[in-house]
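Visitor: Before anything else, here's the structure in question.
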Amino acid sequence: MQKFSAFELFKQGLNGQAGWKPQWRSPEPKAAYDAVIIGGGGHGLGAAYYLAKQHGMRNIAVLEKGWLGGGNTGRNTTIIRSNYLFDESAGLYDHSVKLWEGLSQELNYNVMFSQRGVMMLAHTVHDVQVFKRHVHANRANGVDNEWLSPEEAKAYCPPLNISDNMRYPVLGAALQRRGGTARHDAVAWGYARAADDLGVDIIENCEVTGIRRNAAGAVEAVETTKGLIRTPKIGVSAAGHTSVVLGMAGVRLPLESYPLQALVSEPIKPVFPCVVMSNTIHAYISQSDKGELVIGAGTDIYTSYTQRGGLHISQHTLEAICELFPAFRRMRMLRNWGGIVDVTPDRSPIVAKTPVPGLYVNCGWGTGGFKATPGAAHTLAWTIAKDEPHPINAPFTIERFRDGHLIDEAAAAAVAH
Amino acid sequence: MLLITCPHCGPRPELEFVHGGEAHIARPAQPEALNAEEWTEYLYMRANPKGLHAERWRHLHGCARFFNALRDTTTDQFVVTYKTGEARPDLKGPAA
Ligand SMILES: Cc1cc2nc3c(=O)[nH]c(=O)nc-3n(C[C@H](O)[C@H](O)[C@H](O)COP(=O)(O)OP(=O)(O)OC[C@H]3O[C@@H](n4cnc5c(N)ncnc54)[C@H](O)[C@@H]3O)c2cc1C
Ligand SMILES: [Zn+2]
């Protein structure tokens, strides 16, 4: 692998930057692999990397029906935080934040992880009570989170409107200073490059159309648009399409797929120092390093696979943004798009074995799985390699819905990214 | 914004409606007879199809009544709407 470094950049500069090589190969699929990952988003590529790096499984492939990171990985608003309410969630999401902290070094790829702080606004008495409860629960779990008064919130984020004549005045905020953002594409590309270097075949434009099982019921092959590929282990990391893919193996899941939209403004000079989220009025905002304001909304109301969603949803979000940040009222929006997110009834993910031997699933991340990319990838790889979960993802089973062990972040936060 | 045809009121904008999830999931006639697996299926498991989806809608800001629809989730096109209690129309979906 061609290492990235200041020295390498200088050296290539002497040569007119002509010596850079493609960052990963584009091989044709082999007839068989020891394991196959379905889905070339950050989660799937990361799982392949950890399988190769930590579990010595190098004869493996990632199959992606489109291009790397073209799913939700490349469509999300990149908010990273770990201040979830329940112990299980704190374990999984904070595992991820810790991996994010070393990821650029680990991959020799700048994923631009920026711990600029994530501030969640409280607008009602109920919000205040819920967020304070989160602050205490998080501290008990060793996860940083602190309560700010409206004035302290404004000091942390000067464009914020804290006047009391708003429809939803700011009554305070919960701030996680270790939270922040990362460069979405770089996460997919960094994992892809590092996995490829360890021998993983990354195959784009290869859609899985069927899963074959043997007489004992275990998986034995995937049917793809590039032919049949034999494998005893399949890890599915297909986000919004998980129900479709697991349906190929006859597995039903507690998932529904919804459109989730985001939009960016024209680029401007740095004005916005952190990430601000408001669950109550459905708006999320940060500023990218390119200068665009990155704005996210709530999901549309109906299930869909169209990657679009209705304009009125974005409009509703922009109304909230304009009231919270009056200075942005005259900004123009540049692009608007949607992704398809797979939502579970308790808004917590599933990273687990399935009832089918050799079939593993990582799904249900819904509106908030980018932040968990390294942790999901790491624990999925563990689960595939050892055929049993890591202690961190052990609670996130499909059976929790049968056994009543819900990890109900939905009730805890109403909505959240 | 979608234009949705309420079987009672005719075509109205999406803003007047709420989505009610998958249709034709009947509450078990004998709840006490169900085991944990069957409860899980009833409460949580969903078809989530890519293609034709039978789903409930409620015309909340209109007649306030529930009704059912067949909608193609690959295009969001409503193929047909029908009243609660009527059987799912026997149609093949554009994307199956
Ligand atoms: C608008 C929006 C904003 C969001 N904001 C945030 C946020 O601020 N913070 C946060 O933490 N999360 C956020 N999320 C959620 C986050 O993007 C996802 O949870 C996360 O990126 C999922 O990663 P993934 O790798 O599992 O999925 P993806 O990146 O979607 O990868 C799945 C891949 O599987 C492929 N695939 C599907 N079916 C097949 C098949 N049959 N064969 C082969 N390949 C297949 C797809 O093409 C896709 O590339 C947001 C999502 C959206 C849409
Ligand atoms: Zn009506």
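The values are calculated or read from the model by the stated rules, or taken from the named source; none is laboratory data. Bear in mind that the values here come from a model prediction, so they are computed numbers and not experimental data. When we count neighbours, we look across all protein chains shown, and the Cβ atoms used for this are built from the backbone with ideal geometry, even at glycine. Surface areas here come from the heavy atoms of the whole protein model, side chains and all, with no ligands, DNA or RNA. Shrake-Rupley method; radii C 1.70, N 1.55, O 1.52, S 1.80 Å.
Visitor: How many of the residues in the stretch B:77-86 are more than 11 Å from chain A (Cβ to nearest Cβ), at negative phi and open to solvent by 40 Å² or more (accessible area, probe 1.4 Å)?
Guide: Step one: of the stretch B:77-86, the residues more than 11 Å from chain A (Cβ to nearest Cβ) are B:79-86.
Okay, now just the ones that are also at negative phi, so B:79-84, B:86.
If we keep only those that are open to solvent by 40 Å² or more (accessible area, probe 1.4 Å) as well, we get B:79-80, B:83-84, B:86.
Residues meeting the conditions: 5.
Visitor: So, one more: Going residue by residue through the stretch A:109-127, is there one that turns out to be aromatic (Phe, Trp, Tyr) and in a helix (DSSP H, G or I)?
Guide: No: zero hits.
Visitor: Select, from A:Glu64, A:Glu88, the only residue that is charged (D, E, K, R) and either more than 10 Å from ligand 1 (Cβ to nearest atom) or not assigned by TED's automatic domain parsing to the domain that holds A:Phe396 (or both).
Guide: When all the criteria are applied, what remains is A:Glu88.
Visitor: Then there's this: Cβ-Cβ distance below 9 Å, separation of 6 or more or different chains: which pairs start in the stretch A:233-251 with a residue that is touching a residue at least 24 places away in the same chain (Cβ under 8 Å) and end on one that is open to solvent by 10 Å² or more (accessible area, probe 1.4 Å) and within 16 Å of ligand 2 (Cβ to nearest atom)?
Guide: Every condition considered, no pair remains.
Visitor: Continuing with this model, one more query. Among the strands (runs of 3 or more DSSP E) confined wholly to chain B, which include 1 or more residues that are more than 15 Å from the chain's Cα centre (by Cα) and not hydroxyl-bearing (Ser, Thr, Tyr)?
Guide: Details: elements: B:3-6, B:10-13, B:18-22, B:52-58, B:66-72, B:78-83.
Output list reads B:3-6, B:10-13.
Visitor: Taking the criterion of being at negative phi and either of a type in the set (Asp, Glu) or at pLDDT below 95 (or both), would at least one residue in the stretch A:377-396 satisfy it?
Guide: yes
Visitor: Show the residue pairs that are 6+ apart or on different chains and have beta-carbon atoms under 7 Å apart, the first residue being within the stretch A:155-179 and over 14 Å from A:Phe325 (Cβ atoms), the second being β-branched (Val, Ile, Thr).
Guide: What qualifies is A:Leu171/A:Val128; A:Gly172/A:Val128; A:Ala174/A:Val135; A:Gln176/A:Val118; A:Arg178/A:Val97; A:Gly179/A:Ile80; A:Gly179/A:Val118; A:Gly179/A:Val275.
Visitor: Within the stretch A:201-216, how many residues are touching a Phe, Trp or Tyr at 6+ places or on another chain (Cβ under 9 Å) and either open to solvent by 20 Å² or more (accessible area, probe 1.4 Å) or more than 12 Å from A:Leu63 (Cβ to Cβ) (or both)? Full working, then the answer.
Guide: Within the stretch A:201-216, the first condition is being touching a Phe, Trp or Tyr at 6+ places or on another chain (Cβ under 9 Å), and the residues that meet it are A:201-202, A:204-205.
Those still in the list that are either open to solvent by 20 Å² or more (accessible area, probe 1.4 Å) or more than 12 Å from A:Leu63 (Cβ to Cβ) (or both) too: A:204-205.
Number of matching residues: 2.
Visitor: Could you grab me the full set of residues in the stretch A:253-285 that are surrounded by 24 or more Cβ atoms within 10 Å (Cβ to Cβ) and over 30 Å from B:Gly20 (Cα atoms)?
Guide: Listed by number, the residues that qualify are A:Val275, A:Val276.
Visitor: Can you confirm whether A:Tyr258 is within 14 Å of chain B (Cβ to nearest Cβ), touching a residue at least 60 places away in the same chain (Cβ under 8 Å) and within 23 Å of B:Phe78 (Cβ to Cβ)?
Guide: yes
Visitor: Going by what's in this entry, would A:Val97 be described as at pLDDT 95 or above, away from ligand 2 (no atom under 16 Å from the Cβ) and not in a helix (DSSP H, G or I)?
Guide: Judged against the criteria, A:Val97 is not a match.
Visitor: Right, something else. Suppose we filter the stretch A:321-340 for residues that are touching a strand residue (DSSP E or B) at 6+ places or on another chain (Cβ under 8 Å) and either open to solvent by 10 Å² or more (accessible area, probe 1.4 Å) or at positive phi (or both); how many remain?
Guide: Result for the stretch A:321-340: 8.
Visitor: A:Val219: within 14 Å of chain B (Cβ to nearest Cβ), more than 29 Å from B:Met1 (Cβ to Cβ) and open to solvent by less than 40 Å² (accessible area, probe 1.4 Å), yes or no?
Guide: no
Visitor: (1) assigned to a strand (DSSP E or B); (2) open to solvent by less than 10 Å² (accessible area, probe 1.4 Å); (3) at pLDDT 95 or above: which one isn't true of A:Ala297, the others all being true?
Guide: If we test A:Ala297 against (1) assigned to a strand (DSSP E or B); (2) open to solvent by less than 10 Å² (accessible area, probe 1.4 Å); (3) at pLDDT 95 or above, just (3) comes out false.
Visitor: Out of all the residues in the stretch B:64-76, is one or more in contact with a Phe, Trp or Tyr (Cβ under 6 Å, 6 or more places away or on another chain), open to solvent by 40 Å² or more (accessible area, probe 1.4 Å), within 14 Å of chain A (Cβ to nearest Cβ) and more than 16 Å from ligand 1 (Cβ to nearest atom)?
Guide: Within the stretch B:64-76 (the criterion being in contact with a Phe, Trp or Tyr (Cβ under 6 Å, 6 or more places away or on another chain), open to solvent by 40 Å² or more (accessible area, probe 1.4 Å), within 14 Å of chain A (Cβ to nearest Cβ) and more than 16 Å from ligand 1 (Cβ to nearest atom)), the answer is no, since none of the residues qualifies.
Visitor: Do we find a residue being β-branched (Val, Ile, Thr), part of a loop (DSSP other than H, G, I, E, B) and within 19 Å of A:Gln54 (Cβ to Cβ) anywhere in the stretch A:217-227?
Guide: The initial filter retains those residues of the stretch A:217-227 that are β-branched (Val, Ile, Thr), namely A:219, A:222, A:224-225.
Subsequent filtering for residues that are part of a loop (DSSP other than H, G, I, E, B) retains A:225.
Now restrict to residues that are within 19 Å of A:Gln54 (Cβ to Cβ): none.
Checked against the condition, which is being β-branched (Val, Ile, Thr), part of a loop (DSSP other than H, G, I, E, B) and within 19 Å of A:Gln54 (Cβ to Cβ), the stretch A:217-227 yields no hits at all.
Visitor: Would you check if there is a residue in the stretch B:31-53 being of a type in the set (A, V, I, L, M, F, W, C), in contact (Cβ under 8 Å) with a residue 40 or more places away in the chain and either farther than 30 Å from A:Met248 by Cβ or within 14 Å of chain A (Cβ to nearest Cβ) (or both)?
Guide: Yes, the stretch B:31-53 has at least one match.
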